[in-house]
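Okay, so here's the structure we're looking at.
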Amino acid sequence: MTLQDATYSSGTDDSPLGPRTGLSRSRFFLSNEFGLILLIAIFAIIFGFATKGFFSPFNLFALGRNSAVNIMIGLSMMSVIVTGGLNLAVGAMGVCAAMVCGWMIESLGIPWPLAIAGGLAFGALLGWINGWTVVRTGLHSFIITLATMSIFFGVMIFLTKAEAFRELPPVFTEFGRARVLGYVSPLLLVTLVVAVLLAWLYRGTVLGREMLAAGASPAAAELSGIRVGRMVILCHMLSGALAGIAALMLVARNGAAIPSMAGQLGQDWLLPAFLGPVLGGTLLQGGKVSVLGTVLGAFLVTMLTSGLLMLQIGAFWVQSFLGLMLLVAVLLDKARRSYLARRNLA
Amino acid sequence: MTPIFEAKGIQKAFPGVMALKGVTLSLLPGSVHALLGENGAGKSTLIKVITGVHQPTAGTLLLDGQQAQFHNPRDAIAKGIGVVHQERNLFPRFSVAENIFLEQIGSSYLTPVDYARLNREARRWLDALELDIDPATPVSELSVARMQLVEIAKALSLQSRVLLLDEPTASLTTSETDRLFQIVRRLRDDGTSLVFVSHKLEEVQEICDRVTVLRDGANACDSRSMEGVTRHDLVQMMIGRAEGEGAWRARDTSAQPEVLGLSGVSTELGHRDVSLSVRKGEIVGLYGLVGAGRTELAKSILGQSAVTGGEVRVDGKPVRIRSVFEAIHTHGLGYVSEDRKTEGLILQHSVLANAGVPIWRKLGGALGTLTDGKIRDAVLPYLRKLEVKTPSLAQTAANLSGGNQQKISVAKWLAAGVRLLIVDEPSVGIDIKTKAYLHELLRELADNGTSILLITSDLPEMIAVADRIVVMDGYRVTGELPNTGEYDSVSRAVMDRIHDMGEVG
Ligand SMILES: Nc1ncnc2c1ncn2[C@@H]1O[C@H](COP(=O)(O)OP(=O)(O)OP(=O)(O)O)[C@@H](O)[C@H]1O
Ligand SMILES: [Mg+2]
């Protein structure tokens, strides 16, 4: 790798991408994603020895189903972090979308596929409200989504009188219970398909790249002909739709659309929403994402929670462990980067 | 005379790049020392090592013959070493005075800041540069050139024994540069040792008495006297061959249709009665002193701020451009920003991602799909032509040298294929070799039918590239003249048109 002399003027035709791919391959082993894979493997081994039935088909199935939801929540948050913002209303929006879906089925008698589409569209609409307000007021999305979290949730509780929609068609529960190849939840497959689509969005489409550019440097993006405001709104809409998918997965698991399924104001979702992207190396300042990292990060968190609970450690301690995780991950990341720097110097 | 400061065998490595490979520099008191080299040669890196920003990988620094080690910039300041870095280091929200005295304010946490005194002191240094700014103005409201002057005032206020200036004149006009040089001479006569980095060799020959040239991170010459060194010698040492001749020739576009026209335009930023017309394939220069309102006019044309009166025409039809998106994608107008750091580039993204932004939409396939390969094919010719020096296209833009960042910020628009390109200070920080290529590229672009509105404070550049020069002052157009390519007569005519309106800074 003679990188430092690779000027383009040299006239030689070895493509500048040549060293790049070589580099990214060797760098993969030092990347955040690889670190997460390593951690997942280590903890899988620990839990495999320390607990009974960690690798039982039932536990694997439950693990897949839970991580499907957590990953989706993380992706929902990630799609707003892209803009350098936050979405504290993920939970509230998700639950609202699921309740709309349930209402359309139960009260309006709309067929379930249409109702699902309607619920997701409603999630996107709530995202549009967030995004539009952020762009128009110029305030940080932290404040806006803190406000809309309470508004969305409050209005939803008022309209539903805090009652669940329980008379859903059996496809929901069947989908929630189904197992592919013995222990894989189809929910996990849905999540993985969504993740692949997102990865493609950010890498391989104009729209995704414009979102990243707008998030990284609004002034430069605007002067390059990107409609930054529109991109911010679209990111929030995407987040709303993804939150809707996550909530519908919970509906499939519970067999009902319940107003409290994400806790008061949807706050139960906040920890997984942040842990996934942050562990996965998504930059909080915006402009940089790792879909794979978010998936792995959220999976790791789910696995740790499940394993620790199986070790009969109190739920309190699990939270502390997750906090510790976050610290360790950050330290590892720092060590990894300085190693990378040193190795390249030599 | 014994050197006041020496750097010996300095090496500095970054991931993938050996920026300095054992560089030597020795500074005498009471002298102005030129530090020259192409973009990416290692000038800024050396200055950062000397001022404690970077730690050298190997080598020693000697101050008054004693070995010195600076763990951070404060150490260097404490030892009397001041610096103006190439990139701006001001806090946009802070006032000019606060920025100037940032280091001094911080030294006593508990005493309240005496703002009246602070502003008075700041006034002193601003006056030295004849800079007419209220010290209480937030820096974010200043133009790039004025920020640069504030930065210089800040360095002056430290009254250091060694003062390093990394491209201080890059975005200044001749008159501001002259003022700076008066101060430089005064400091030199008082015994200060100055280092001066610039790509403008006329300036170097005017002010410097000693010179060090870097090439690819090594000394091409080491702290020798400027006596008897010609421009030709300097170029030879910098790029290893003689300088190409700039080939200006008259181009006639009078038969071509108008692409962009302004009649009696006024804007919310304060322009009054601006009229101007650019034909197909024509290069119109827009000259003026700092603060003349040229960048602001460009941004109003692009729809970033409102046009409040008069008429803007594209292809002869009156238009109302409401956003940059419309300007680019509906009308085919592009803009190379004078401020590469915040408006020109997305510093945390890769070279490739930056170079392609304006053409993403054009390259996008069905469903808006886009591959790196496609972008690379579109932008690589321009990156090559401007000799962007980077370890790979995946390198983060922030890690390139200043001049190389500038090249990307220009190249992305050359590749964009717009019909009219507004180019704002395109060669700030670009070395002489690339500057010649850039001028060639701009004229080639115009020959192929692209219209160009060139804003530059660099008069030789204006005269080397433009077909016609429009002079602006105080947010108005004060005159217009054809360019004959003869520096002496044209520059005098331009200056006359500015000074017709009275002395304005
Ligand atoms: N932080 C960094 N990380 C990686 N590479 C760097 C970093 N800073 C500088 N470099 C590399 O070091 C080399 C020297 O850069 P430097 O900024 O010193 O050049 P320069 O002579 O000041 O050029 P210019 O005239 O363009 O300002 C370049 O190849 C640049 O890409
Ligand atoms: Mg430099």
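Quick note: the coordinates plus some simple rules give every number you see, no bench work behind them. Keep in mind the model is a prediction, meaning the values are calculated, not measured. All Cβ positions, glycine included, derive from the backbone under ideal geometry; neighbour counts span all protein chains shown.
How many angstrom lie between the Cα centre of the range B:1-16 and the Cα centre of the range B:340-400? Distance between centres, Cα-based: 34 Å.
With r as the distance between the Cβ atoms of B:Ala255 and B:Thr2 and R0 = 51 Å, compute the FRET efficiency 1/(1 + (r/R0)^6) and round to 0.05. Efficiency at R0 = 51 Å is approximately 0.15.
Mean separation of Cα pairs under 8 Å and 6+ residues apart, divided by the residue count of the range B:5-239: what relative contact order is that in percent?
Working: 440 pairs, mean separation 70.1, N = 235.
Value for the range B:5-239: 30 percent.
Put a dot 7 Å past the Cα of A:Val328, heading toward its Cβ, do the same for B:Leu102, and the two dots end up 3.9 nm apart.
Amide H contacts for B:Gly52 (H built 1.01 Å from N in the peptide plane; partners 5 or more residues away or on another chain; cut-off under 5 Å): none found.
When you work out D = kT/(6 pi eta Rh) for chain A at 25 °C and 0.890 mPa s, using the Kirkwood radius from C-alpha pairs as Rh and the Stokes-Einstein form, the result is 115 µm²/s.
Semi-axes of the equivalent ellipsoid for the range A:125-271, computed as √(5λ) from the eigenvalues of its C-alpha gyration tensor and ordered from largest down, come to 32, 23, 10 Å. The Cα-based radius of gyration and maximum Cα-Cα distance (Dmax) for the range A:271-316 are 12.4, 40 Å. Using only the Cα atoms of the range B:356-443, build the gyration tensor, take square roots of its eigenvalues as a ≥ b ≥ c, and label the shape rounded, prolate or oblate: rounded if a/c is under 1.5, else prolate if a/b is larger than b/c, else oblate. Note, shape of the range B:356-443 comes out oblate.
Counting neighbouring beta carbons within 10 Å and listing from fewest to most, the residues A:Leu207, A:Leu300 come out as A:Leu207, A:Leu300. DSSP beta bridges fully contained in the range B:5-239 are about 55 percent antiparallel.
For the range B:128-144, putting each phi into the Karplus relation 6.51 cos²θ - 1.76 cosθ + 1.60 with θ = phi - 60° gives couplings of 4, 9, 6, 9, 8, 10, 6, x, 8, 5, x, 4, 4, 8, 8, 6, 4 Hz, in residue order, rounded to whole numbers and with x for Gly and Pro. Determine, from the Cβ-Cβ distance of B:Lys374 and B:Glu206 and an R0 of 45 Å, the FRET efficiency 1/(1 + (r/R0)^6), rounded to the nearest 0.05. That gives a FRET efficiency of 0.40. Pairs of Cα atoms nearer than 8 Å and 6+ residues apart set the relative contact order; for chain B it is 16 percent.
For the range B:130-283, the share of DSSP beta bridges that are antiparallel, to the nearest 5, is 65%. Can you give me the angle between helix A:291-310 and the longest principal axis of chain A, using Cα atoms only, in degrees from 0 to 90, rounded to the nearest 10? Rounded to the nearest ten degrees, it is 60. Cβ crowding within 10 Å, taken as a proxy for footprinting-reagent exposure, orders A:Leu331, B:Leu260 from fewest neighbours to most as A:Leu331, B:Leu260. Using Cα atoms only, what is the angle between the long axis of helix A:32-50 and the major principal axis of chain A, expressed in degrees (0 to 90) to the nearest 10? Taking the Cα atoms of chain A, the angle to A:32-50 is about 60 degrees.
P(r) tail, the protein assembly as shown: Cα-Cα pairs separated by more than 39 Å, 48% of all pairs.
Which one, A:Pro57, A:Pro259, A:Pro277, has the greatest fluctuation when you compute a Gaussian network model over chain A with C-alpha springs under 10 angstrom? Of A:Pro57, A:Pro259, A:Pro277, the most mobile in the Gaussian network model is A:Pro57. Using the alpha carbons of chain B, what is the convex hull volume per residue in cubic angstrom, as a whole number? Per residue, the Cα convex hull of chain B comes to 159 Å³. Comparing the range B:257-312 with the 2.2 N^0.38 Å rule of thumb, its C-alpha radius of gyration ratio is 1.09 (two decimals).
Ranked by the mean number of other Cβ atoms within 10 Å of their residues, highest first, the peptides A:31-37, B:184-190 fall in the order A:31-37, B:184-190.
Helix content alone sets the calculated 222 nm mean residue ellipticity of the protein assembly as shown: runs of n ≥ 4 DSSP H residues at -39500 (n - 2.57) each, divided across all residues, give -16000 deg cm²/dmol. With a threshold of 28 Å on the Cα-Cα distance, the over-threshold entries among B:Lys21/B:Lys435; B:Lys79/B:Lys407; B:Lys317/B:Lys374; B:Lys12/B:Lys433 are B:Lys79/B:Lys407; B:Lys317/B:Lys374. Rank A:Gly118, A:Gly204, A:Gly266 by mean-square fluctuation in a GNM of chain A with C-alpha springs under 10 angstrom and give only the top-ranked residue. In the Gaussian network model the winner is A:Gly204. For the range A:28-91 versus the range A:119-170, the inter-centroid distance based on Cα atoms is 26 Å. For the range B:5-239, the spread of Cα coordinates along the three principal axes comes to 50, 37, 35 Å, biggest extent given first. Among A:Leu120, A:Leu192, A:Leu324, the largest mean-square fluctuation in a Gaussian network model of chain A, built with springs joining Cα atoms closer than 10 Å, belongs to A:Leu324. Of all DSSP beta bridges confined to the protein assembly as shown, the antiparallel ones make up roughly 55%. Between helix A:112-137 and chain A there is an angle of about 60 degrees, using the helix long axis and the longest principal axis of the Cα atoms.
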